[in-house]
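Q: Starting off with a structure, shown below.
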Amino acid sequence: MASILAILSLTILFRSIYFIAARSFYAQQDTKTPFYISLFTISLNIILAVWFSFGLGMEVYGLAWAAVIVSIVEVAILFIIMARRIKGLFDAPFVNAVVRMASASGFMAIVTYLMVIWFPLSAADQSFFASFPKFALIVGVSLISYIIICRLFRLPEVDPILRRARDIFFKQPSK
């Protein structure tokens, strides 16, 4: 069951991107384009779900993979139309920044996954004192790894976080 949730988490990611990107069409008073894309992808989802589940025998995993594929297709179509309407939207600096941010997130996800394997949160951890230290360690190491990776990739998005942390931890007390 956890593997199905892992597959569907990709759908959640791409659906979130879709809803954010669709707002650009709404801002241009165009509600029809996202609507037509949704009609197409709903039809595609039905076809893929039936084919994967029954035709390929993937059962419930077929439903999950159909949802992932459809959400990716939906975002791709939306971005293609956006790129045609707004020239220079996806220029090289933008794509470079997105790739660096996605890479930093991907590396952090690997670190988080490894931390969860090394310090598993199990059903036996019934008390706050049994589960919170593990959780705090996992979150702390993941955050620090993300900040380090962002610095290595020269992503300016972490600079405000680092400035604030410096102010909190290294500010000289006033006399």
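Q: Mind listing whichever residues of the range 82-106 are assigned to a helix (DSSP H, G or I) and over 20 Å from the mean Cα position of the chain (by Cα)? Show your work before the answer.
A: Taking the range 82-106 and keeping what is assigned to a helix (DSSP H, G or I), we get 82-85, 92-106.
Hits for the range 82-106 are Met82, Ala83, Arg84, Arg85, Ala92, Pro93.
Q: Something else: Would you check which residues across the range 35-62 are in contact with a helix residue (DSSP H, G or I) (Cβ under 6 Å, 6 or more places away or on another chain) and either of a type in the set (Gly, Ala, Ser) or at pLDDT 90 or above (or both) and list them?
A: The answer is Ile37, Thr41, Leu44, Asn45, Leu48, Ala49, Phe52, Ser53, Gly62.
Q: Residue check, Met58 against (1) more than 23 Å from Ser3 (Cα to Cα); (2) outside the structural domain of Val158 (by TED's automatic domain parsing), all met but one. Which one?
A: Status for Met58: all satisfied but (1).
Q: Every residue in the range 60-112 that is touching a residue at least 12 places away in the same chain (Cβ under 8 Å) and either touching a His at 6+ places or on another chain (Cβ under 9 Å) or of a type in the set (Phe, Trp, Tyr) (or both), please.
A: Within the range 60-112, Tyr61, Trp65, Phe79, Phe107 qualify.
Q: Does at least one position in the range 62-81 carry a residue that is surrounded by 17 or more Cβ atoms within 10 Å (Cβ to Cβ) and either assigned by TED's automatic domain parsing to the domain that holds Ser142 or outside any helix (DSSP H, G or I) (or both)?
A: no
Q: Got a sec? Which of Thr31, Thr41 is more than 20 Å from Thr11 (Cβ to Cβ) and either outside the structural domain of Pro156 (by TED's automatic domain parsing) or without any contact (Cβ under 8 Å) to a residue 24 or more places away in the chain (or both)?
A: Values: Thr41 fails: more than 20 Å from Thr11 (Cβ to Cβ).
Criteria check complete, one pass: Thr31.
Q: Answer with yes or no whether Lys134 is free of Cβ contacts under 8 Å to residues at least 60 places away in the same chain, farther than 30 Å from Ser53 by Cβ and surrounded by 14 or more Cβ atoms within 10 Å (Cβ to Cβ).
A: Answer is yes for this residue.
Q: Another question, then. Of the residues Phe25, Phe40, which is surrounded by 12 or more Cβ atoms within 10 Å (Cβ to Cβ), part of a helix (DSSP H, G or I) and touching a Ser or Thr at 6+ places or on another chain (Cβ under 7 Å)?
A: On the way: Phe40 fails: touching a Ser or Thr at 6+ places or on another chain (Cβ under 7 Å).
The conditions single out Phe25.
Q: It is to be established whether one or more residues within the range 120-128 are modelled with pLDDT under 85 and either of a type in the set (Ser, Thr, Tyr) or in contact with a strand residue (DSSP E or B) (Cβ under 8 Å, 6 or more places away or on another chain) (or both).
A: Start the filter on the range 120-128 by keeping residues that are modelled with pLDDT under 85, which leaves 120-128.
Add one more test, that the residue is either of a type in the set (Ser, Thr, Tyr) or in contact with a strand residue (DSSP E or B) (Cβ under 8 Å, 6 or more places away or on another chain) (or both), and what stays is 122, 127.
Yes.
Q: Taking Val73, is it at pLDDT 90 or above, out of contact with any Asp or Glu (no Cβ under 8 Å at 6 or more places or on another chain), under 18 Å from Ala22 (Cβ atoms) and of a type in the set (A, V, I, L, M, F, W, C)? Lay out the reasoning, then the answer.
A: Numbers: at pLDDT 90 or above: yes; out of contact with any Asp or Glu (no Cβ under 8 Å at 6 or more places or on another chain): yes; under 18 Å from Ala22 (Cβ atoms): yes; of a type in the set (A, V, I, L, M, F, W, C): yes.
In short, yes.
Q: Checking Cys150 against (1) assigned by TED's automatic domain parsing to the domain that holds Ala49; (2) touching a residue at least 24 places away in the same chain (Cβ under 8 Å), which test does it fail?
A: Against the list (1) assigned by TED's automatic domain parsing to the domain that holds Ala49; (2) touching a residue at least 24 places away in the same chain (Cβ under 8 Å), Cys150 comes up short only on (1).
The values are calculated or read from the model by the stated rules, or taken from the named source; none is laboratory data. Values in this document were obtained by computation on a predicted structure and should not be read as measured data. Because the Cβ atoms are built from the backbone with ideal geometry, glycine has one as well, and the counts that use them run over all protein chains shown.
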